[in-house]
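Values in this text are rule-based calculations from the coordinates and carry no lab data. What you are looking at is a predicted structure, and each value in this text was computed from that prediction instead of being measured. Note: ideal-geometry Cβ built from the backbone for every residue, glycine included; neighbour counts use all protein chains shown.
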Amino acid sequence: MILHNFPNRVDRSPSIMGILVADRVFFGEIGALDPGMKIYGGENVEFGIRVWSCGGSIEVIPCSKIAHLERAHKPYMPELKYLMQRNALRVAEVWLDDYKHNVNIAWRLPLQNHGIDIGDVSERKKLREKLKCKPFQWYLDNVYTSLKPFNILGYGNLQNDMNTDACVDQGPGHTPILYQCHSYTSQACYYHSSGKIYIGHIQSNMDQTNRCLVDPGLQELTQLHECKKAKETGLNMHWDFKQGSAIQNRETKRCLEVKDSELVMQECSGQNWRITNVVKEF
């Protein structure tokens, strides 16, 4: 529900699933919906950021009686991934300022030359300037305070120079593996500025659900655990890594290496690793 200067606030929301009630005048003043969006996905995120940043608010009003007529058939194409990526990149370019590359990280898209045409955003940028909207950092500090930017230095497939046909994969249970590269979520790797290496699906509430690569210290095989648990139990989860060099655990000084097609922790022998995309040099 979108409201503006409503006197009896009940609860606030940083974004919306869909607009139920809106201040019609305010809705028009801030540019209605972005006509450059296509088909499906991202418009609720864009509108949520814009409403808050440009002087409005989003309120949740309990006990409201709402009727919703569901279509028998949705007129969308069967594959929406490309359009959702396109819309997300469009939102990022207009509203996310220095954080716009987080969308590339979330979708595991290259920072440049991703091949997705987001359309002309010049009018939306002019609208933002005209309305004197607050920066995205203000939205993070005051509206969506539980949303933590990724702070990722590198992301994508993680490969050892000795076997470029295989990628690090989260594997079954707590044992990451090397597996033929396929670029699905189980092979998504992220090197964080803190030295953590996440494998698998990434969440913006960092230590709650992400899984961290750890050196168990007393055995050869490396392990993968939820970062929060790894921190609580004192597992060795911080790594030194430079693109094209070794991955060495800061605490144990052992290196992540490949032995007999398995991921192992052992004395560093000079094996090197590369990750697909580099956000900033590390």
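For Gln266, nonlocal amide neighbours, meaning residues 5 or more places apart or on other chains whose placed amide H falls under 5 Å from its own, are Cys255, Glu257. Take the chain and mark each of the GluC sites (Glu not before Pro) that is in a DSSP loop with at most 13 other Cβ atoms within 10 Å; the longest unmarked stretch, sites excluded, is 80-219. With a Förster radius of 30 Å applied to the beta-carbon distance between Lys100 and Lys231, the computed FRET efficiency rounds to 0.55.
Approximating the spin labels as points 7 Å out from Cα along Cα→Cβ, the Lys259-to-Trp138 distance works out to 5.6 nm. Set the Förster radius R0 to 51 Å, insert the Cβ-Cβ distance between Thr175 and His114 as r into 1/(1 + (r/R0)^6), and round the FRET efficiency to 0.05. That gives a FRET efficiency of 0.95.
Its relative contact order, with pairs defined as Cα atoms under 8 Å and 6+ residues apart, puts the chain at 14 percent. Straight Cα distances below 19 angstrom link Lys253 to the lysines Lys196, Lys231, Lys242, with same-chain residues fewer than 8 positions distant left out.
Give me the extension gain from Cys268 to Ser204: residue separation times 0.36 nm, minus the current Cα-Cα distance, reported in nm with one decimal. List each step's numbers first, then the result.
Numbers: separation 64, 0.36 × 64 = 23.04 nm, distance 3.25 nm.
That works out to 19.8 nm of additional length.
For Val25 and Ser193 in the same chain, what is the full-extension length gain: residue separation times 0.36 nm, less their Cα-Cα distance, in nm?
Values: separation 168, 0.36 × 168 = 60.48 nm, distance 4.41 nm.
Contour length minus the Cα-Cα distance gives 56.1 nm.
Spin-label model, Glu129/His73: points 7 Å from Cα along the beta carbon direction are separated by 4.5 nm. Couplings 3J(HN,Hα) for the range 80-86, derived from phi with the Karplus relation 6.51 cos²θ - 1.76 cosθ + 1.60 (θ = phi - 60°), are 9, 4, 4, 5, 5, 5, 4 Hz, where x marks Gly and Pro. Per residue of the chain, the DSSP helices (runs of n ≥ 4 H) give a summed -39500 (n - 2.57) that works out to -6500 deg cm²/dmol at 222 nm.
Between Leu221 and Tyr184, the distance separating the two model label sites (each 7 Å from Cα on the Cα→Cβ line) works out to 2.1 nm.
Computed from backbone phi with θ = phi - 60° and the Karplus coefficients 6.51, -1.76 and 1.60, the 3J(HN,Hα) list for the range 87-104 is 5, 5, 5, 5, 4, 4, 5, 8, 10, 9, 6, 5, 9, 4, 5, 4, 5, 4 Hz; x is used for glycine and proline.
Shown in residue order for the range 120-133 are the 3J(HN,Hα) couplings computed by the Karplus curve 6.51 cos²θ - 1.76 cosθ + 1.60 at θ = phi - 60°: 7, 10, 4, 5, 5, 5, 5, 4, 4, 5, 4, 7, 6, 6 Hz (x for Gly and Pro).
What pairs in Lys38/Lys130; Lys100/Lys134; Lys229/Lys259 have C-alpha atoms more than 19 Å from each other?
Lys38/Lys130; Lys229/Lys259
Counting beta carbons within 10 Å around each of Asp215, Asp97 and listing the fewest first gives the order Asp97, Asp215.
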